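J.: Quick one: the structure is below, questions incoming.
Here, each number is a calculation from the coordinates, and none is a lab measurement. Everything numeric here is computed off the predicted structure, so don't read it as measured data. Don't worry about glycine lacking a Cβ; one is built from the backbone with ideal geometry, like all the others, and counts go over all protein chains shown.
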Amino acid sequence: MISAFDVKEALKTIVDPELKRNLVDLKMVRDIDIQDGHVKVTLALTTLGCPMKKKFVENVKEVVAKLPGVKSTEVEVTAMSREELDKLFPKHPLKGIERVSHFVAVASGKGGVGKTTVAVNLALALARENLNVGLLDADVYGPSIPTMLGLMDRPRAESGMLLPLEKFGMKIMSFGFFIEGKQALIWRGPLVSKTLKQLLDDVMWGDLDCLVVDLPPGTGDPSITVAQSIPSVSVVMVTTPQEVALADVRKAVCMFRDMNIRIAGIVENMSYFIHGDSEERIEIFGSGGGATLSRESGIPLLGSIPIDLGLRKGGDSGIPLMYDAPNSDTGEVFKGIARKMISLSAISRKAVA
Ligand SMILES: Nc1ncnc2c1ncn2[C@@H]1O[C@H](COP(=O)(O)OP(=O)(O)OP(=O)(O)O)[C@@H](O)[C@H]1O
Ligand SMILES: [Mg+2]
């Protein structure tokens, strides 16, 4: 009769190609259940996004099926707990956010005001100032950084940590990398905070001068979780010029202040439009919202970004304006915002020195 010992011995022949140890030694075999020749193996992987998941399941089925007396094999996959991982892999020095000098979270009171556009182009503008920059898309509802940067690969997991993707000279991580296709997202609060914590703590961010975080819109749970999970984060509030947008931003400002989170500045987006060759600024969404907010709250206005077809196209094509046309008028606005942030010492070049 087949025993759990036989199954375990068979599983020792399966070696994780990255960790170079077998599944049993890696303590990935959590449970072996045998009922009348039907074998059920529960595997605990380092992460459920483990690129080897399918292969491991196939390998387990293959080696177990070869044992005499086995009628069927079932494999259940789960992920190791934080404690299990910590025991197995003593902390890698580049894992997590310990060596990140500054955190900038881009927030807004409501959706669609250009938060992600600002996060992406501001991150690139900071990278042009010779800073080591990372970009974290923490928008659980609609992660759009993969599209805006033309990145669809799934990050690799290695030794219990996730390797960020790299493009345009930045390290990038997004909720979107772990979602199949355009699947709608329904995240429950605890799952959001758990995943966010993983994207901060389990990613090999390494030495960064600044990690720019694209927050979900509004003042809901995910924004609060992110803000609370990040030590000494500075928030950049994005608004459009009209009064209705300001009402939401005011609410968000109050929320961050209540939580003692520093607001580094305000960025007014879609401030004006320059039509054709004329130099005349057409203020489609009204004017002065950012300045009004700045005056009443005492928060500096970092810059006003025009409506620019190049920004929209850059967002759709995966090649952001700040990469493609950094010397354009709009590019200069982003450079100005980045320099202002540096001069306000929201960011400095500590890690680069
Ligand atoms: N200044 C601008 N000029 C032209 N298009 C812009 C500008 N800012 C943003 N857009 C476009 O507006 C759309 C919404 O922008 P974006 O996705 O950055 O907003 P968001 O606040 O992140 O939205 P969400 O709340 O859904 O995350 C995008 O198609 C983007 O390309
Ligand atoms: Mg967005």
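J.: Assign one of three labels to region 128-178, namely rounded, prolate or oblate, based on the Cα gyration tensor with a ≥ b ≥ c the square roots of its eigenvalues; rounded applies when a/c is under 1.5, prolate when it is not and a/b is larger than b/c, and oblate otherwise. Mind showing how you got there, number by number?
T.: On the way: a/c = 1.80, a/b = 1.12, b/c = 1.60.
Oblate.
J.: If I take R0 = 45 Å and measure r between the Cβ atoms of ALA291 and LYS71 in this structure, what FRET efficiency does the formula 1/(1 + (r/R0)^6) give, to the nearest 0.05?
T.: So the FRET efficiency works out to roughly 0.05.
J.: Using r as the Cβ-Cβ distance of ASP36 and LEU94, and R0 as 51 Å, what FRET efficiency do you calculate, to the nearest 0.05?
T.: Given R0 = 51 Å and the Cβ-Cβ separation, E is 0.55.
J.: Defining a contact as two alpha carbons under 8 Å apart and six or more residues distant in sequence, what relative contact order in percent does region 4-88 show?
T.: 30
J.: Mind checking the full-extension length gain between LYS313 and LYS54? Use 0.36 nm per residue of separation minus the Cα-Cα distance, one decimal, nm.
T.: 89.5 nm
J.: While we're looking at this one, here's another question. Helix-only estimate, please: 222 nm mean residue ellipticity of the chain, summing -39500 (n - 2.57) across DSSP H runs of length 4 or more and dividing by its residues, to the nearest 500.
T.: So the calculated ellipticity at 222 nm is -10000 deg cm²/dmol.
J.: What FRET efficiency do you get for GLU279 and LYS251 if R0 is 41 Å and r is their Cβ-Cβ distance, rounded to the nearest 0.05?
T.: E(calc), rounded to 0.05, equals 0.70.
J.: Please give every one of the lysines within straight-line cross-link reach of LYS167, meaning a C-alpha to C-alpha distance under 21 Å, and leave out same-chain neighbours fewer than 8 residues apart.
T.: Within the straight-line cut-off, LYS167 pairs with LYS95, LYS115, LYS313, LYS335.
J.: Starting from the Cα gyration tensor of the chain, take the square roots of the eigenvalues, sort them a ≥ b ≥ c, and report rounded, prolate or oblate (rounded when a/c is under 1.5, otherwise prolate if a/b is larger than b/c, else oblate).
T.: Working: a/c = 2.54, a/b = 2.50, b/c = 1.02.
Prolate shape, in that a/c is at least 1.5 and a/b is the bigger ratio.
J.: With a cut-off of 8 Å between alpha carbons and a minimum separation of six or more residues, what is the relative contact order of the chain in percent?
T.: 18
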